[in-house]
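Please read the structure below before turning to the comments.
The values are calculated or read from the model by the stated rules, or taken from the named source; none is laboratory data. Here the structure is a predicted model, which is why all the values come from computation and not from measurement. Positions of Cβ are backbone-derived with ideal geometry, glycine not excepted, and every protein chain shown enters the neighbour counts. Please note that ligands, DNA and RNA were not included when accessible areas were found on the heavy atoms of the full protein model with its side chains. Shrake-Rupley method; radii C 1.70, N 1.55, O 1.52, S 1.80 Å.
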Amino acid sequence: MTHKAGFVSIIGKPNAGKSTLMNQLVGERMAIITPKAQTTRHRILGIVNHDDYQIVFSDTPGIIKPNYKLQENMMHFVDDALVDADILVFVTDINEKQDEEDVLEKLKKSTAKVLVVINKIDESKNELIDEKINYWKEKLNPEGIVGCSALHAYNTEPIMSFILENLPEHPAYYEKDELTDRSERFFVSEMIREKIFKFYKKEIPYSTEVLITSFKESKDIIKISAEIVVERDSQKNILIGAAGSMLKKVGTYARQDMEEFLKKKVFLEMFVKVIPDWRNRENYLKSFGYSE
Ligand SMILES: Nc1nc2c(ncn2[C@@H]2O[C@H](COP(=O)(O)OP(=O)(O)OP(=O)(O)O)[C@@H](O)[C@H]2O)c(=O)[nH]1
């Protein structure tokens with residue numbers, strides 16, 4: 001039996017229904033991160049695992065694919081080239097006026113298989129759906145077009161079928177046992193990263209790495225220690241904020257997400273560390289069980 005695996009990016013204008021669709025496709029447990037910031041850096045929104053396939057949802061069309069066999073929490077440290085996702089799901093609101101020329105250009109250039117999802121069809125007449133389908137056929141001629149209502153889970157199955165059909169043959173990118181401690185550490189670090197993306201200006205998220213240095217589960221509580229690593233003191237000061245206010249905010253919001261995801265009370269401690277020679281990080285990482 002061949003195995004399929006690949007990256008699927010869900011893109012589209014704000015409010016088009018991307019998160020709603022994601023939740024439908026991935027299911028609640030894994031759809032844990034709802035980033036708002038636009039960034040070229042990959043972010044994993046959720047992973048669907050099956051014996052025969054693994055679908056990795058991301059919100060950016062350019063993504064950094066980890067090397068096979070790399071442990072999932074190491075993928076931030078791989079400097080692979082930014083490549084296209086395997087599949088682009090472009091979500092458009094049926095009521096949206098078609099001023100999407102910029103997106104069209106990008107979609108045309110992409111090497112990914114493109115599926116146009118015309119969303120919110122519960123709010124429109126059949127004629128409009130046909131009109132939109134024709135519009136997208138003519139403008140883009142994508143590999144697939146589906147009209148659906150993400151909110152009402154209406155006609156979302158063809159989207160999953162399209163993804164499965166077009167997913168390349170590839171071994172899994174991430175370990176499938178998503179409830180292992182390692183994967184949980186990965187998602188937990190993503191939650192901190194997401195908050196950093198949300199609360200800081202551009203250069204800070206780009207120059208930080210989040211390491212989960214300890215993850216200890218006891219009966220009632222999970223104790224998590226994280227290090228946010230930067231290269232300069234100035235970045236550390238910004239991250240911490242006046243009297244620790246910014247870091248506290250990151251911690252509070254990240255902890256809430258963690259508690260919801262892990263279904264347990266979380267004690268989160270975070271340290272910001274300056275490591276100027278971060279490029280020679282191999283030994284440092286090894287000390288926390290990370291291996292490149
Ligand atoms: N009527 C209707 N409303 C929908 C549908 N899908 C999503 N919505 C609503 O549209 C709004 C935006 O949905 P989101 O899923 O947050 O959209 P998004 O594209 O992720 O938005 P951003 O995070 O701003 O990029 C929400 O109020 C949803 O409830 C749909 O199929 N029909």
Being within 13 Å of the ligand (Cβ to nearest atom) and either assigned by TED's automatic domain parsing to the domain that holds PHE90 or modelled with pLDDT of 85 or more (or both) narrows GLY17, GLY27 down to just GLY17
Could we say that ARG193 is at pLDDT below 90, open to solvent by less than 40 Å² (accessible area, probe 1.4 Å) and touching a Ser or Thr at 6+ places or on another chain (Cβ under 9 Å) here? yes
Exception for ARG185 within (1) assigned to a strand (DSSP E or B); (2) charged (D, E, K, R); (3) touching a helix residue (DSSP H, G or I) at 6+ places or on another chain (Cβ under 6 Å) falls at (1)
- Check the range 161-172 and report whether any residue there is open to solvent by 40 Å² or more (accessible area, probe 1.4 Å) and within 16 Å of ILE94 (Cβ to Cβ). no
Against the condition modelled with pLDDT of 80 or more and assigned to a loop (DSSP other than H, G, I, E, B), how does ALA226 come out, does it pass?
no
The residue from ILE159, ILE145, ILE133, ILE163 that alone is farther than 16 Å from ALA16 by Cβ and in contact with a Leu (Cβ under 8 Å, 6 or more places away or on another chain) is ILE163
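Okay, residues lined up against (1) open to solvent by 90 Å² or more (accessible area, probe 1.4 Å); (2) under 17 Å from ILE196 (Cβ atoms):
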{"site": "SER214", "(1), (2)": "no, no"}
{"site": "ILE222", "(1), (2)": "no, no"}
{"site": "ALA226", "(1), (2)": "no, yes"}
{"site": "ASP233", "(1), (2)": "yes, no"}
{"site": "ASP257", "(1), (2)": "no, yes"}
{"site": "LYS263", "(1), (2)": "yes, no"}
{"site": "VAL266", "(1), (2)": "no, no"}
{"site": "PHE271", "(1), (2)": "yes, yes"}
{"site": "VAL274", "(1), (2)": "no, yes"}
Output for Cβ contacts, cut-off 6 Å, separation at least six or different chains, first residue under 18 Å from SER161 (Cβ atoms) in the range 115-140, second basic (Lys, Arg), reads ILE118/LYS132
Given (1) buried (at least 18 other Cβ atoms within 10 Å of the Cβ); (2) touching a helix residue (DSSP H, G or I) at 6+ places or on another chain (Cβ under 9 Å); (3) modelled with pLDDT under 95, PHE199 misses just (1)
Subset of the range 129-146, residues exposed (fewer than 14 other Cβ atoms within 10 Å of the Cβ) and not in a helix (DSSP H, G or I), comes to ASN141
Scanning the range 119-168 for residues that are of a type in the set (Val, Ile, Thr) and more than 21 Å from PHE7 (Cα to Cα), the one nearest to the ligand (Cβ to nearest atom) turns out to be ILE121
With criteria (1) among the acidic types (Asp, Glu); (2) within 28 Å of ILE11 (Cα to Cα); (3) surrounded by fewer than 16 Cβ atoms within 10 Å (Cβ to Cβ), GLU209 comes up short on (3)
